[in-house]
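A.B. asks: Got a structure here, written out as structure tokens. Questions coming.
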Number of protein chains: 2
Amino acid sequence: MAAFTARTGKRVRPHAKTHKSPLIGRMQLDRGAVGLCCAKLGEAEVMTDAGIGPLLITTEIAGEPKVARLVALRKRAEVMAAVDDMDVARALSDAMRAAGIVLDVLVDVNVGQDRTGVRPEDAGELAACVASLDGLRFRGIQAYEGHLQHVYLEAERRLGWRQCADRMLTAREQVTKRGLPVEIVSTAGTGTCAFAAELPEVTEVQAGSYPFMDSDYAQVEGLPYESSLTVLASVVSRQRGDTAVIDAGWKAISTDAGMPVVKGRPELEYTTKGDEHGGVRGARMTPGERIELIPSHCDTTVNLHDEYVCARKGVVEAAWPIAARGRIQ
Amino acid sequence: MAAFTARTGKRVRPHAKTHKSPLIGRMQLDRGAVGLCCAKLGEAEVMTDAGIGPLLITTEIAGEPKVARLVALRKRAEVMAAVDDMDVARALSDAMRAAGIVLDVLVDVNVGQDRTGVRPEDAGELAACVASLDGLRFRGIQAYEGHLQHVYLEAERRLGWRQCADRMLTAREQVTKRGLPVEIVSTAGTGTCAFAAELPEVTEVQAGSYPFMDSDYAQVEGLPYESSLTVLASVVSRQRGDTAVIDAGWKAISTDAGMPVVKGRPELEYTTKGDEHGGVRGARMTPGERIELIPSHCDTTVNLHDEYVCARKGVVEAAWPIAARGRIQ
């Protein structure tokens, strides 16, 4: 991903919600990232505490307690926010103006994920509203298509991307025809950034999963990234015959994207056994025996743990805190 | 639950895997609990650091690194372990003997959950093995029926309990006929402890969820405990018409037992929107508006957070660290 900018001319703003680690964020910046994305204010606070920035908070910020935190954060950090609502924009404007500061803003556009973001045809109106408000500076649009990242077939994913790109271009046109410059068009994840690179209007990608990948991303055609993240587990019981019981359940590894895969042992199959245990089927195993599990979803698994144990060729070289773990507001 | 012992004569050894908090553990001990259960060694280490005990580690401990940690822990704490394997028992015996200490042991019996534990008819042989080994002291049996806790209908749950109780009594008989005293019979959770109290052979229950409960346990007939645990969330976007988007997704609240329930607002329905977001359907909501979510599964939700914010009648009185959060090995 570090070579992506050189190859495509697009900037990379990696999403820190995946790793939640200032140390990994620092490595991404050192390798050319233009800044980091954070999912939540809490994540951005941790990154700022560690001297990491500039930051884009990709989830909308609303409500007095959060706005007050955003003001405090903006005073000490270069932070940009996503907005999809005029009332929220006005509240942010009031708070920033009262504090005597200015917040950079991207207008969040719904390009098909149907989660947050204005309709493409409404992007111009919201951009004009933001641009007219003191304390806010309109910088561009955010158009993230999270629903496409895990579409396995490349042709199908590309087709979906084209539809999202059309909506993004509609939104951009709605803004430019009001005479506003669209300096930033921030979009795409690990599964779609190669497509986004082909579109001149895109300025940056928000890929997050590429440093780790996971067993679900491994099924997505055409991605050049390798899996680096595993959960170390060990057998606690062999009483169940062909299914050994291990010490990794829902509290150790997420299953929202399916079952983990046992690394290097394709004959073994993980099964759910509750919050503290997992089952492993396919071979007779011995209590104490260790296996490595590749999570089905890196983000939700990382969020369960307090540190990365970093190993190279079987030798542990470092332990990195997952400093923003649990910072979900 | 504090009155359970007085009413039934059975001891309570609450499971700390639910709350992972030494402060709550201390309250349970102060209210008559005979000790605490821990799911894992890491949990027991945190409880011991906080001066909480005695402890029963309910998951089998195997493999050199864990056995070494158990020896270190046993040197400074009153800790009992569950065993379901002769080879593991011998390894524990060797380690304890080498350290010049003695470990209390329960033989773990599979009474129907089909996870860990020997078959009831093999319990006597394993108990005799444990009793014969230096460094180990046989204390009784563990027979936990986790698969019954969430059977909603009371009659069906009671029927299931009878079957498990028969297996438990078979195991107990296999031990006593070898001339070994069964000082402890540890069983039952929040959903079955009332049934377990009716059986003379049961000495203690391992209930864990009762301080918090959850929306799934709320559907279990006949339990006297109320829900006390919620996740505070707020609306970040109202762009989706009848579905508002909130800031609580898989990283904030678990969905392994189904969707959370919105407290006090039965017209609202939570829907999954990924790791950082949730959807709430059923009313027009405003960005910044707050709701409280009752988790479907307390254990896995607690494990996502670093502290409890404790409120009484809407006033925050304390923040308690979830000190053993993430200690899953």
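The values are calculated or read from the model by the stated rules, or taken from the named source; none is laboratory data. All values reported here derive from a predicted model rather than from experimental measurement. Please note: Cβ atoms are built from the backbone with ideal geometry, for glycine as well, and neighbour counts cover all protein chains shown.
A.B. asks: For segment B:259-277, give me each residue that is facing chain A (nearest Cβ under 10 Å) and not in a loop (DSSP other than H, G, I, E, B).
C.D. replies: B:THR272
A.B. asks: Can you find even one residue in segment B:152-169 that is within 21 Å of B:LEU199 (Cβ to Cβ) and within 13 Å of chain A (Cβ to nearest Cβ)?
C.D. replies: Of all residues in segment B:152-169, those within 21 Å of B:LEU199 (Cβ to Cβ) come to B:153-169.
Okay, now just the ones that are also within 13 Å of chain A (Cβ to nearest Cβ), so none.
Checked segment B:152-169: no residue is within 21 Å of B:LEU199 (Cβ to Cβ) and within 13 Å of chain A (Cβ to nearest Cβ).
A.B. asks: Here's another thing I want to ask about it. Residue check, B:PRO54 against (1) buried (at least 24 other Cβ atoms within 10 Å of the Cβ); (2) out of contact with any helix residue (DSSP H, G or I) (no Cβ under 7 Å at 6 or more places or on another chain), all met but one. Which one?
C.D. replies: So B:PRO54 meets the others, but not (1).
A.B. asks: Among the residues of segment A:5-37, write down those that are touching a helix residue (DSSP H, G or I) at 6+ places or on another chain (Cβ under 7 Å) and under 18 Å from A:ALA143 (Cβ atoms). Can you show your working first?
C.D. replies: Just the residues of segment A:5-37 that are touching a helix residue (DSSP H, G or I) at 6+ places or on another chain (Cβ under 7 Å), to begin with: A:10-12, A:14, A:16-20, A:22, A:25, A:32, A:36.
Within segment A:5-37, A:LYS10, A:ARG11, A:VAL12, A:PRO14, A:LYS17 qualify.
Here is a yes/no grid of residues against (1) more than 25 Å from B:ALA244 (Cβ to Cβ); (2) under 15 Å from the mean Cα position of the chain (by Cα); (3) touching a residue at least 12 places away in the same chain (Cβ under 8 Å); (4) assigned to a helix (DSSP H, G or I):
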{"position": "A:GLY32", "(1), (2), (3), (4)": "yes, no, yes, no"}
{"position": "A:MET47", "(1), (2), (3), (4)": "yes, yes, yes, yes"}
{"position": "A:ALA62", "(1), (2), (3), (4)": "no, no, yes, no"}
{"position": "A:ARG69", "(1), (2), (3), (4)": "no, no, yes, yes"}
{"position": "A:LEU73", "(1), (2), (3), (4)": "no, no, yes, yes"}
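A.B. asks: Moving on. State yes or no: is A:VAL309 touching a His at 6+ places or on another chain (Cβ under 7 Å) and not assigned by TED's automatic domain parsing to the domain that holds A:MET213? Can you show your working first?
C.D. replies: Values: touching a His at 6+ places or on another chain (Cβ under 7 Å): no; not assigned by TED's automatic domain parsing to the domain that holds A:MET213: yes.
Spelling it out, it is not the case that A:VAL309 is touching a His at 6+ places or on another chain (Cβ under 7 Å) and not assigned by TED's automatic domain parsing to the domain that holds A:MET213.
A.B. asks: Pull up segment A:292-318, narrow it to residues that are within 11 Å of chain B (Cβ to nearest Cβ) and touching an Asp or Glu at 6+ places or on another chain (Cβ under 6 Å), then point me to the one that is farthest from B:GLY274 (Cα to Cα).
C.D. replies: Residue satisfying both the conditions and the ranking: A:CYS298.
A.B. asks: Hey, among the residues in segment B:98-150 that are in contact with a Phe, Trp or Tyr (Cβ under 7 Å, 6 or more places away or on another chain) and among the small types (Gly, Ala, Ser), which one's nearest to B:VAL182 (Cα to Cα)?
C.D. replies: The qualifying residue nearest to B:VAL182 (Cα to Cα) is B:ALA127.
A.B. asks: Restricting to segment B:46-80, name every residue that is more than 14 Å from every other protein chain (Cβ to nearest Cβ), farther than 15 Å from B:GLY100 by Cα and of a type in the set (Gly, Ala, Ser).
C.D. replies: Once the filter is applied, which keeps residues that are more than 14 Å from every other protein chain (Cβ to nearest Cβ), farther than 15 Å from B:GLY100 by Cα and of a type in the set (Gly, Ala, Ser), segment B:46-80 yields B:ALA50, B:GLY51, B:GLY53.
A.B. asks: Look at segment A:279-299 and say how many of its residues are within 27 Å of A:ARG240 (Cβ to Cβ) and under 27 Å from the mean Cα position of the chain (by Cα).
C.D. replies: 6
Every residue, every condition in (1) in contact with a strand residue (DSSP E or B) (Cβ under 8 Å, 6 or more places away or on another chain); (2) within 14 Å of chain B (Cβ to nearest Cβ); (3) within 17 Å of A:MET213 (Cβ to Cβ), yes or no:
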{"residue": "A:THR5", "(1), (2), (3)": "yes, no, no"}
{"residue": "A:VAL12", "(1), (2), (3)": "yes, no, yes"}
{"residue": "A:LYS17", "(1), (2), (3)": "yes, yes, yes"}
{"residue": "A:LEU23", "(1), (2), (3)": "yes, no, no"}
{"residue": "A:GLN28", "(1), (2), (3)": "yes, no, yes"}
{"residue": "A:ALA44", "(1), (2), (3)": "yes, yes, no"}
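Conditions (1) in the same structural domain as B:CYS164 (by TED's automatic domain parsing); (2) surrounded by 16 or more Cβ atoms within 10 Å (Cβ to Cβ); (3) in contact with a Leu (Cβ under 8 Å, 6 or more places away or on another chain), marked per residue:
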| position | (1), (2), (3) |
| --- | --- |
| B:GLY25 | yes, yes, yes |
| B:ASP30 | yes, no, no |
| B:CYS37 | yes, yes, yes |
| B:THR59 | yes, yes, no |
| B:LEU70 | yes, yes, yes |
| B:ASP94 | yes, no, no |
| B:GLY100 | yes, no, no |
| B:LEU103 | yes, yes, yes |
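A.B. asks: Output the residue which, of all residues in segment A:234-258 that are facing chain B (nearest Cβ under 8 Å) and outside any loop (DSSP other than H, G, I, E, B), is surrounded by the most Cβ atoms within 10 Å (Cβ to Cβ).
C.D. replies: Only one residue tops the list, namely A:VAL236.
A.B. asks: Listed residues B:SER215, B:SER296, B:SER209, B:SER227; which is under 30 Å from B:VAL182 (Cα atoms) and in contact (Cβ under 8 Å) with a residue 60 or more places away in the chain?
C.D. replies: B:SER209
A.B. asks: Something else now. Filter segment A:308-329 down to the residues that are assigned to a loop (DSSP other than H, G, I, E, B) and farther than 23 Å from B:TRP250 by Cβ, then identify the one that is modelled with the highest pLDDT.
C.D. replies: First, pick out the residues of segment A:308-329 that are assigned to a loop (DSSP other than H, G, I, E, B): A:313-314, A:322-329.
Pick out the ones that are also farther than 23 Å from B:TRP250 by Cβ and you get A:313-314.
Details: A:LYS313: 93, A:GLY314: 89.
Restricting to residues being assigned to a loop (DSSP other than H, G, I, E, B) and farther than 23 Å from B:TRP250 by Cβ, the top hit is A:LYS313.
A.B. asks: Just one of (1) touching a residue at least 40 places away in the same chain (Cβ under 8 Å); (2) within 7 Å of chain A (Cβ to nearest Cβ); (3) surrounded by fewer than 19 Cβ atoms within 10 Å (Cβ to Cβ) trips up B:PRO287, so point out which.
C.D. replies: In the conditions (1) touching a residue at least 40 places away in the same chain (Cβ under 8 Å); (2) within 7 Å of chain A (Cβ to nearest Cβ); (3) surrounded by fewer than 19 Cβ atoms within 10 Å (Cβ to Cβ), B:PRO287 misses (3) alone.
A.B. asks: Which of the helices (runs of 4 or more DSSP H) found entirely inside segment A:115-213 contain at least 3 residues meeting this: farther than 23 Å from A:VAL105 by Cβ and not assigned by TED's automatic domain parsing to the domain that holds A:ALA95?
C.D. replies: none
A.B. asks: Kindly evaluate A:GLY140 against the criterion of being away from chain B (no Cβ under 13 Å), under 21 Å from A:ILE57 (Cα atoms) and buried (at least 17 other Cβ atoms within 10 Å of the Cβ).
C.D. replies: Judged against the criteria, A:GLY140 is a match.
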